[in-house]
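Peer 1: My structure is below; once you've seen it, I'll send some questions.
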Amino acid sequence: MLAMRHISKVFRTDLIETHALRDFSLEVAEGEFVAVTGPSGSGKTTFLNVAGLLEGFDSGTYLLDGVDTSGLADDARSRLRNEKIGFIFQSFNLIPDLDIFDNVDVPLRYRRMKAAERRERIASALDLVGLASRAHHLPSQLSGGQQQRVAIARAIAGDPKFLLADEPTGNLDSLMARQVMDLLEQINEMGTTIVLVTHDPELARRAQRNVQIVDGQVSDFRPYEPHARPAPMAAAATA
Amino acid sequence: MFGYYVKLAARSLRRNPGITSLMVLAIALGIAVCVITLTVYHGMSSNPLWWKNDRVYAVTLDSWDPEEPADDKHPDLPPPQLTWRDAEAVTASGIPLRAVRMFKGFGVVSSDAAGSVRPENAIVRVTSADFFGLFDVPFRHGGGWKAAADSGPEPVAVLSRETNERFFGGANSVGRTIRWDDRAFRVVGVLDDWHPAPNFYDLNNGAFDEPEAMYVPIGWAPVLELKSAGNTNCWKPEEIKTYADFMASECIWLQAWVELPDSAARVRMQGWLDNYVATERKSGRFQRPDNNRLTPVDQWLRDNDVVGNDNRMLIALAFAFLSVCLINTVGLLLAKFLGSASITGVRRALGASRRQVFLQHLAEAGLLAGVGAGLGVLLSLLGLYGLRAMYASPWGGVTSVMHVNAWSLAVTVALAVGAALAAGLYPAWRIGRLAPSVYLKSQ
Ligand SMILES: Nc1ncnc2c1ncn2[C@@H]1O[C@H](COP(=O)(O)OP(=O)(O)O)[C@@H](O)[C@H]1O
Ligand SMILES: [Mg+2]
């Protein structure tokens, strides 16, 4: 499904080079629900951006659903992203000018879908997240939890194989966070592969597999770790 | 997809009405200033007798000083006017369908008619009978005079429409009396509105000189010993004591125009001119190289620099102003696009390609420029209307050049499209280039 081998990603500025990912290898199988944890600045977002084709990488190989992504042009990358990947962000990132319906419509527009099919998909996605009645509200008229559910509806409306979520509950209280997590589990049960970055050990524990990133690498396979692992994660790993 | 882009563009423009109206106004002002300037420029340089451009010619001969050209700025051109005897010979040649020799006179015009205004100083064109037919001058009442009236000369006159308004209250004054410097002339015709701009047929005192109040036969020149109120130029040290001396001198002060209906006539006229100059040369005149010209009106305007550097400078300034407006718009648009970069990043994450993002932003710029251009056209119409009102005078003059025509409207549309592309291309391109993840992090 997703296979990264020996990926390295370096950010260069005038002053410093940051090795955000170094010799990074990870495989995620179809249908998995993987939680990614790690200290701030360890490279979790960078990993998601590379996985979601929002960013390139410097060396290594990355196969997405069997397609070698290195050397793909912008058009092809955009199409892959549009068809195979759904994004969920910490700050929801709904488009403020557009109502809920039009927000969910966005990825479908870039797929040049017929209007009738788009309407149908938007309706069923909003149905799934329980917001069908709010289709013509603006994002600003909804609570944070509702907005994140709209973002989830938008991410799954195009029926992607992959859902990438970067701390989707970071801006929500624990009740709303649990609702979002319930929704993600439900979506995973319907067959969508999910990679979830989170700080919350309780949420991470609900995933099928936990992966920890430290210093730009998946730490689980390393015998020696220079950074202390947060205690709850250690507990989760042994559980 | 295009409809979707336009819909998004409209939403986005409505989101910041302040910035949007600023950009629309910048585009509109730039376009309006350009259109107004172009219209005036076009009016100033346009040929008021375009439909006769292949028939009507100014006649010039190089009778000037053998030592130097008449005009240092145009050493290749003969002087713009003729001597009395050359002008007389040209009109007597018998070849043109119509031939005119003339000059600008001056004097006090008055009338005894009830309700008439006080006597006033006015320009009086002293010309020959063919003037009206050659330049297609429209009449309101009556007509011109017969050729015989030129040689008589008969005391007949043609009034401009404005003169007829002032001295006869606009009534048909044919048959009534008008006075010019206390000599009575019988009115034979009254012109309809006629303000050729530029007044190509006599450019001596500027292309937009005050028009004539009346017209009298050329034969009055020797009788009344009239001198030109325009330009008289002499190069030869000659003793000029009497009016007869002046008429025989090398001084140039008359304009000569001919109407030649076809190229055969034109060739014959050219041959006649060359022959005439060759004959005169034998008696010691015309010591410069042959330079006998028949010049159509459009070329005549160019030769005489009617579209002067002043006007070209004005055009350059107008376009500089438009560029400033457009650069401002580019800046504002760029700021606006970058300001909503995180939204663009979201779109990229959801599958928009660089090209789609580019087109969407271009649509926004295009919509903006469309509205700006619309307002610009409106503003330019208003501006031209205002200019006309400001310069309105009973004599016409400059106002007649300020008519909006199809030409300047076409230029407007071209400008609008150009403005859309110029102002939108760069920001739209810039926004497409940045990596999408950068936007997502920037919030
Ligand atoms: N666009 C960028 N330019 C330079 N450095 C970056 C950029 N993005 C991330 N980094 C650096 O890469 C490292 C990993 O960042 P990130 O993936 O955002 O970490 P996390 O999401 O785990 O907090 C950090 O040191 C960060 O400063
Ligand atoms: Mg992060």
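The values are calculated or read from the model by the stated rules, or taken from the named source; none is laboratory data. Keep in mind the model is a prediction, meaning the values are calculated, not measured. Here the Cβ is made from the backbone with ideal geometry for all residues, glycine too, and neighbour counts use every protein chain on show. Just the protein is used for accessible areas: all its heavy atoms, side chains included, with ligands, DNA and RNA removed. Shrake-Rupley method; radii C 1.70, N 1.55, O 1.52, S 1.80 Å.
Per-residue answers, yes or no, for (1) closer than 24 Å to A:Glu32 by Cα; (2) open to solvent by 10 Å² or more (accessible area, probe 1.4 Å); (3) within 14 Å of another protein chain (Cβ to nearest Cβ):
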{"site": "A:Ser91", "(1), (2), (3)": "no, yes, yes"}
{"site": "A:Asp99", "(1), (2), (3)": "no, yes, yes"}
{"site": "A:Gly144", "(1), (2), (3)": "no, yes, no"}
{"site": "A:Val150", "(1), (2), (3)": "yes, no, yes"}
{"site": "A:Asp182", "(1), (2), (3)": "yes, yes, no"}
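Peer 1: Report, by residue number, each residue of region B:161-178 that is open to solvent by 10 Å² or more (accessible area, probe 1.4 Å), in contact with a strand residue (DSSP E or B) (Cβ under 7 Å, 6 or more places away or on another chain) and without any contact (Cβ under 8 Å) to a residue 60 or more places away in the chain. Before you say what the answer is, go through the steps one by one.
Peer 2: We begin by selecting, within region B:161-178, every residue open to solvent by 10 Å² or more (accessible area, probe 1.4 Å); these are B:161-162, B:165-166, B:168-172, B:174-177.
Retained after the next criterion (residues that are in contact with a strand residue (DSSP E or B) (Cβ under 7 Å, 6 or more places away or on another chain)): B:161, B:172, B:174-177.
Selection gives B:Arg161, B:Asn172, B:Val174, B:Gly175.
Peer 1: What are the pairs, 6+ residues apart or on separate chains, where a residue within region B:345-362 that is facing another protein chain (nearest Cβ under 10 Å) and in contact (Cβ under 8 Å) with a residue 40 or more places away in the chain has its Cβ under 7 Å from a residue that is polar (S, T, N, Q) and not in a loop (DSSP other than H, G, I, E, B)?
Peer 2: Close Cβ pairs (under 7 Å, with a partner that is polar (S, T, N, Q) and not in a loop (DSSP other than H, G, I, E, B)) amount to B:Val357/B:Thr344.
Peer 1: What are the residues in region B:147-160 that are under 17 Å from B:Gly107 (Cβ atoms) and open to solvent by 40 Å² or more (accessible area, probe 1.4 Å), if any? Walk me through it before giving the result.
Peer 2: First, pick out the residues of region B:147-160 that are under 17 Å from B:Gly107 (Cβ atoms): B:153, B:155-160.
Matches in region B:147-160: B:Pro155 only.
Peer 1: What single numbered condition from (1) within 16 Å of ligand 1 (Cβ to nearest atom); (2) in contact (Cβ under 8 Å) with a residue 40 or more places away in the chain; (3) open to solvent by less than 10 Å² (accessible area, probe 1.4 Å) fails to hold for A:Lys44?
Peer 2: All conditions are met except number (3).
Peer 1: Which of the following residues is open to solvent by 20 Å² or more (accessible area, probe 1.4 Å), in contact with a Gly (Cβ under 6 Å, 6 or more places away or on another chain) and in contact (Cβ under 8 Å) with a residue 60 or more places away in the chain: B:Asp136, B:Asp193, B:Asp130, B:Asp181? Break it down into steps so the answer makes sense when it comes.
Peer 2: On the way: B:Asp136 fails: in contact with a Gly (Cβ under 6 Å, 6 or more places away or on another chain); B:Asp193 fails: in contact with a Gly (Cβ under 6 Å, 6 or more places away or on another chain); B:Asp130 fails: in contact with a Gly (Cβ under 6 Å, 6 or more places away or on another chain).
Within the list B:Asp136, B:Asp193, B:Asp130, B:Asp181, the selection yields B:Asp181.
Peer 1: Listed residues B:Tyr41, B:Tyr57; which is crowded, with 21+ Cβ neighbours inside 10 Å and either out of contact with any Gly (no Cβ under 6 Å at 6 or more places or on another chain) or outside the structural domain of B:Glu280 (by TED's automatic domain parsing) (or both)? Spell out how you get there, then give the answer.
Peer 2: Numbers: B:Tyr41 fails: crowded, with 21+ Cβ neighbours inside 10 Å.
One residue alone meets the criteria, B:Tyr57.
Peer 1: From the list B:Gly219, B:Gly230, which residue is surrounded by fewer than 19 Cβ atoms within 10 Å (Cβ to Cβ) and either at pLDDT 95 or above or under 29 Å from B:Arg55 (Cβ atoms) (or both)?
Peer 2: Values: B:Gly230 fails: surrounded by fewer than 19 Cβ atoms within 10 Å (Cβ to Cβ).
Every option except B:Gly219 fails the conditions.
Peer 1: Would you be able to say whether some residue in region A:69-79 is in contact with an Asp or Glu (Cβ under 6 Å, 6 or more places away or on another chain), in contact (Cβ under 8 Å) with a residue 24 or more places away in the chain and of a type outside the set (S, T, N, Q)? Before the answer, list the steps.
Peer 2: Looking only at region A:69-79, we keep the residues that are in contact with an Asp or Glu (Cβ under 6 Å, 6 or more places away or on another chain), and these are none.
So far as region A:69-79 goes, no, none of its residues is in contact with an Asp or Glu (Cβ under 6 Å, 6 or more places away or on another chain), in contact (Cβ under 8 Å) with a residue 24 or more places away in the chain and of a type outside the set (S, T, N, Q).
Peer 1: Return the residues of region A:47-56 that are within 13 Å of ligand 1 (Cβ to nearest atom) and within 16 Å of A:Ser78 (Cα to Cα); say none if nothing qualifies. Full working, then the answer.
Peer 2: Initial filter on region A:47-56 (within 13 Å of ligand 1 (Cβ to nearest atom)): A:47-52, A:54-56.
Matches in region A:47-56: A:Leu48, A:Asn49, A:Val50, A:Ala51, A:Gly52, A:Leu54, A:Glu55, A:Gly56.
Peer 1: Farther than 23 Å from B:Ser340 by Cβ, modelled with pLDDT under 95 and within 12 Å of another protein chain (Cβ to nearest Cβ), is that true of A:Arg112?
Peer 2: Numbers: farther than 23 Å from B:Ser340 by Cβ: yes; modelled with pLDDT under 95: yes; within 12 Å of another protein chain (Cβ to nearest Cβ): yes.
For A:Arg112, the condition - farther than 23 Å from B:Ser340 by Cβ, modelled with pLDDT under 95 and within 12 Å of another protein chain (Cβ to nearest Cβ) - is met.
Peer 1: Quick check on region A:27-41: of everything there that is within 12 Å of ligand 1 (Cβ to nearest atom) and under 22 Å from A:Gln186 (Cα atoms), which residue is nearest to the other protein chains (Cβ to nearest Cβ)?
Peer 2: A:Val36
Peer 1: At least 3 residues that are more than 29 Å from the chain's Cα centre (by Cα) in each: list the helices (runs of 4 or more DSSP H) lying fully within region B:250-342 that qualify.
Peer 2: Working: elements: B:263-282, B:297-303, B:309-339.
Correct list: B:263-282, B:309-339.
Peer 1: Continuing with the same structure: If I go through region A:73-89 residue by residue, how many of them are at the interface with chain B (Cβ under 7 Å from one of its Cβ atoms) and among the aliphatic types (A, V, I, L, M)?
Peer 2: So the count comes out to 0.
Peer 1: Also, quick follow-up: Please indicate, with yes or no, whether at least one residue in region B:150-169 is hydrophobic (A, V, I, L, M, F, W, C) and part of a loop (DSSP other than H, G, I, E, B). Can you show your working first?
Peer 2: First, pick out the residues of region B:150-169 that are hydrophobic (A, V, I, L, M, F, W, C): B:156-159, B:167-168.
Now drop any that are not part of a loop (DSSP other than H, G, I, E, B), which leaves none.
No: zero hits.
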